1. Want the number for LEU62 to GLN79: 0.36 nm per residue separation, take away the alpha-carbon distance, what's left?
2. Please arrange VAL30, VAL50 by accessible surface area, largest first, computed with a 1.4 Å probe and ligands excluded.
3. Express in nm, to one decimal, how much length is gained between LYS47 and ALA17 on full extension, taking 0.36 nm for each residue of separation and deducting their alpha carbon distance.
4. Quick one: pull the percent of accessible area on the stretch 22-81 belonging to carbon and sulfur, 1.4 Å probe, ligands and nucleic acids left out.
Amino acid sequence: TKAGCHVSGGQTPDLTAANAYTQLTGLGYVPTDDTSLADAKNSVLYKKLVATSKPMPPNGALSGTEIAQILAWMTQGSQND
């Protein structure tokens, strides 16, 4: 399955509270094992969050602190907590 909201043939994730974790991990947006910082920065989600052209979320970029928290979460294995 291709992941990506704007990828031809891709599957758009359901990011409702009940489904976000399963969608982000199951569709490959985030690493699911303890990973290096470099691997986390190569994840689909991180690349979308820091993109200079069309960053996500579309209603406004996250703060540096918020992005750092997401990056730390990914380097710790993207646990569902």
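The values are calculated or read from the model by the stated rules, or taken from the named source; none is laboratory data. In this text the structure is predicted, and so the values were computed from the model without any measurement. Protein only, heavy atoms only, side chains kept; ligands, DNA and RNA dropped before computing areas. Shrake-Rupley method; radii C 1.70, N 1.55, O 1.52, S 1.80 Å.
1. 4.1 nm
2. VAL50, VAL30
3. 8.6 nm
4. Within the stretch 22-81, the accessible surface is 51 percent carbon and sulfur.
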